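The values are calculated or read from the model by the stated rules, or taken from the named source; none is laboratory data. These numbers were taken from a predicted model, which means no experiment stands behind them. No Cβ is skipped: glycine too gets one built from the backbone with ideal geometry, and neighbour counts run over all protein chains shown. Accessible surface is based on the protein model in full, side chains and every heavy atom, while ligands, DNA and RNA are left aside. Shrake-Rupley method; radii C 1.70, N 1.55, O 1.52, S 1.80 Å.
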Amino acid sequence: MGSISATKLLEVVKNTETVFAIEFMCSAQGLEFLRPLRSGPGVEAAFAAVREYIPFARADRLFHNDVQTALALVRRELIVSAVQDAVGKLR
């Protein structure tokens, strides 16, 4: 049963990564609607990291490629690195 549990855990982790990727995309899109207001340095760094790879959606489109790009950002920890560069690492 341990191997089955490990397989399920891996599936949960992958699904969680996908949820984080979609949340980052949606958050970046939402922040665009609040401009010219600005957020804190960590949020702005995360926003810039996402926008470097995923453009603002001006119209409805197929978002599969954007989700895959955001997923790669999560897995390569590029967003975390950008935030850490902006605000420092937590100890």
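A few comments on the model shown:
- Residue check, residue 33 aromatic (Phe, Trp, Tyr) and open to solvent by 60 Å² or more (accessible area, probe 1.4 Å): yes
- The combined condition, being in a loop (DSSP other than H, G, I, E, B) and among the acidic types (Asp, Glu), is fulfilled by residue 60.
- On the stretch given as segment 40-62, residues that are open to solvent by less than 50 Å² (accessible area, probe 1.4 Å) and either among the charged types (D, E, K, R) or under 24 Å from residue 85 (Cβ atoms) (or both) total 10.
- Of all residues in segment 5-29, those that are over 13 Å from the mean Cα position of the chain (by Cα) and open to solvent by less than 60 Å² (accessible area, probe 1.4 Å) total 1.
- Among the residues of segment 63-91, those that are open to solvent by 80 Å² or more (accessible area, probe 1.4 Å) and under 16 Å from residue 18 (Cβ atoms) comprise 64, 65, 68, 75, 76, 77.
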